[in-house]
Amino acid sequence: MSVQILWFRNDLRTKDNHALSTAVASGKPVIAIYLLCTKQWQQHHLAPIQADLILRRLAQLQDDLASLNIPLLVHQLDSFKQVPQSLVELCEQYQAADVHCHYQYELNEQRRDEAVEQILQAQQTSFHQYHGECVMKPGTVLTRTGESFKVFTPFRKAWLSGLTEAEFSPLATPPAVDKHLLPASFVELLESKPLLRCDYPLVDSSHWACDDKQIIQQLRDFSASKAADYKTARDFPAQAGTSKLSAYLALGMLSPRQCLARLYLDHPRCLEAQEGGAFTWLSEIVWREFYRHLIAANPRLCKGQAYIAWTEAVNWQHDEQLLKAWQEGRTGYPIVDAAMLQLKQTGWMHNRLRMIVASFLTKDLLVSWREGERWFMQHLIDGDFASNNGGWQWAASTGTDAQPYFRIFNPTTQAQRFDPNGDFVRYWLPELAEVPGKHVHQPHTWAEKNATSVNYPMPIVDHAIQRKLALSLFEQAKSQAQ
Ligand code: FAD
């Protein structure tokens, strides 16, 4: 009986997994495979903490799949180039007639899959791909003239109008494969559970859950008790007002349809009302989709290009010292420094802070968004090419922000507004523990007034001056393009 290969990539889950459900529904033996490409991880700047979470999740998946009588193999390769041949060998070894997986929308991944499809076709093996990373298939949410959307709000409107009931019923974990069908080699694999090996640098991710029970409970708790207040609470980094599910969504440990279904169960009116906390949270899931649709429609974004073509001419500065100060949280702007420490020490940063530090790097330090994009990928537990590239380009005004380039965040007023008592800053910068209330956002001014001193760097740049410089860099670039 021919075998089905289930190829795991960015869909590390057994629930709402189209590829898994279809492979199992075939009624044939299924073997799962994960091809771990360390050189590719390096090229994509995969954070060691995210790599650790992937490995932990694979170990968990191996157990979950074993209860479905599906062995999971993890093969370490160098780069994507080796993937097609490796799959051919696996198909020959296990006499597989079909390979099932979900689409990925990044350019390197698409090219890898084209090569896989070609080589498998030549071997008479069918390659089946399903859409599972997004609720709406990229390429299906379009303007009336059939183009992809350039800004978010009309995208969301069209996305919402295409939403059907099917999206609120994610697939359950399929039943186990009949053990009597399994070849002897599968039974051996299931009993021996081959070890997961990987020589990529790792950083301990154990404070992030990796089993379904905890992750789904986190989604339920957020939906039941925090979603209603999300609209106001989400902007304050000292509060736990957001879901902290991004790491799981980024690796496909949780699907956006699971999120939608849970939200709709607890807040059935949120779609109708199109306002309130639950709807605002749903909009964030739509942002995630927007950026995926954007890279699928504009593969050049995966080559490091700016979305707005004329902004390629912005003459970003390459000041290593300023960049290093930003990376290490030594800019003299407490909100920026606290945020950068949060990233380095936990692998996660609050969304409001991501916007503040991204604006600061690009509009105050005048350093290219590409440097920030890379640094984030190297450190984020939720590193996700589409959302990260989208977020950076939005903040740098080279992307899809509906406001033009003169949106420049003032880091001090942002801090006073979103960390009004200074609690977030004081938590990450204990050297400022004595500075009371919101004065912590301008510690040297406070120290001067109180005839004291603080052991904290002076601001490395003057925001008012840098703001003008940023505007002139953009104006020069724009005039060159005309
Ligand atoms: P919640 O507020 O609970 O939102 C729920 C989910 O919606 C998130 O888990 C995430 O999947 C999605 N989401 C929320 N906001 C956004 C957004 N603005 N864009 C896209 N998706 C969103 N998100 C990533 O998942 N990976 C990244 O690499 C990433 N890089 C970013 C870089 C910059 C410069 C900026 C400004 C934003 C970036 N974001 C990224 C988006 C956002 O900051 C995070 O998704 C969010 O902070 C995760 O926390 P949460 O799970 O508590 O989010």
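The values are calculated or read from the model by the stated rules, or taken from the named source; none is laboratory data. A quick note: this is a predicted structure, and the numbers were derived from the prediction, not measured. Backbone-built Cβ (ideal geometry, glycine too); neighbour counts: all protein chains shown. Surface accessibility is based on the protein's heavy atoms, side chains included, excluding ligands, DNA and RNA. Shrake-Rupley method; radii C 1.70, N 1.55, O 1.52, S 1.80 Å.
Listed here are the residues, each with its yes/no results for (1) surrounded by 19 or more Cβ atoms within 10 Å (Cβ to Cβ); (2) touching a strand residue (DSSP E or B) at 6+ places or on another chain (Cβ under 7 Å); (3) part of a strand (DSSP E or B).
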{"residue": "Thr14", "(1), (2), (3)": "yes, no, no"}
{"residue": "Val24", "(1), (2), (3)": "yes, yes, no"}
{"residue": "Lys81", "(1), (2), (3)": "no, no, no"}
{"residue": "Val88", "(1), (2), (3)": "no, no, no"}
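Conditions (1) within 22 Å of Leu353 (Cα to Cα); (2) touching a residue at least 24 places away in the same chain (Cβ under 8 Å), marked per residue:
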position: Asp419; (1), (2): yes, yes
position: Gly437; (1), (2): yes, no
position: His441; (1), (2): yes, yes
position: Ala451; (1), (2): no, no
position: Tyr456; (1), (2): yes, yes
position: His463; (1), (2): yes, yes
position: Lys468; (1), (2): no, no
position: Glu475; (1), (2): no, no
position: Ala481; (1), (2): no, yes
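A Cβ distance below 6 Å, combined with a sequence gap of six or more or placement on separate chains, defines the contacts here; from the stretch 328-340, residues that are at positive phi reach residues that are open to solvent by less than 10 Å² (accessible area, probe 1.4 Å) in the pairs Gly329/Asp337; Gly329/Met340. Could you list, in sequence order, all residues of the stretch 461-478 that are open to solvent by 70 Å² or more (accessible area, probe 1.4 Å) and either of a type in the set (Lys, Arg) or more than 17 Å from Asp319 (Cα to Cα) (or both)? Listed by number, the residues that qualify are Arg467, Lys468, Glu475, Gln476, Lys478.
When Ala273, Ala227, Ala238 are checked against the criterion of being within 21 Å of Phe152 (Cβ to Cβ) and more than 13 Å from the ligand (Cβ to nearest atom), Ala273 stands alone in meeting it. When every residue of the stretch 354-371 is checked against the conditions, none turns out to be surrounded by fewer than 24 Cβ atoms within 10 Å (Cβ to Cβ) and either aromatic (Phe, Trp, Tyr) or modelled with pLDDT under 95 (or both). Considered as a group, the residues in the stretch 361-389 that are in contact with a Phe, Trp or Tyr (Cβ under 6 Å, 6 or more places away or on another chain) and near the ligand (Cβ under 6 Å from one of its atoms) include one that is farthest from Gly252 (Cα to Cα), and that residue is Asn388.
Taking first residues from the stretch 394-405 that are on the phi > 0 side of the Ramachandran plot and partners that are part of a loop (DSSP other than H, G, I, E, B) and open to solvent by 10 Å² or more (accessible area, probe 1.4 Å), the Cβ contacts under 6 Å between residues at least 6 apart in sequence or on separate chains come to Ser397/Tyr405.
When the residues of the stretch 394-414 are filtered to those that are open to solvent by less than 20 Å² (accessible area, probe 1.4 Å) and in a helix (DSSP H, G or I), the one that is farthest from the ligand (Cβ to nearest atom) is Pro411. Counting only helices (runs of 4 or more DSSP H) that fall entirely inside the stretch 220-269 and contain at least 2 residues that are closer than 30 Å to Leu429 by Cβ and open to solvent by less than 80 Å² (accessible area, probe 1.4 Å), the qualifying elements are 230-233, 246-250.
Of all the listed residues (Gln76, Gln93, Gln60, Gln40), the sole one being under 19 Å from Val116 (Cα atoms), open to solvent by 30 Å² or more (accessible area, probe 1.4 Å) and in a helix (DSSP H, G or I) is Gln93. The requirement of being assigned by TED's automatic domain parsing to the domain that holds Arg407, on the phi > 0 side of the Ramachandran plot and not in a strand (DSSP E or B) is not satisfied by Gly391. Among the residues making up the stretch 315-353, those that are part of a loop (DSSP other than H, G, I, E, B), away from the ligand (no atom under 13 Å from the Cβ) and surrounded by 23 or more Cβ atoms within 10 Å (Cβ to Cβ) are Thr331, Tyr333.
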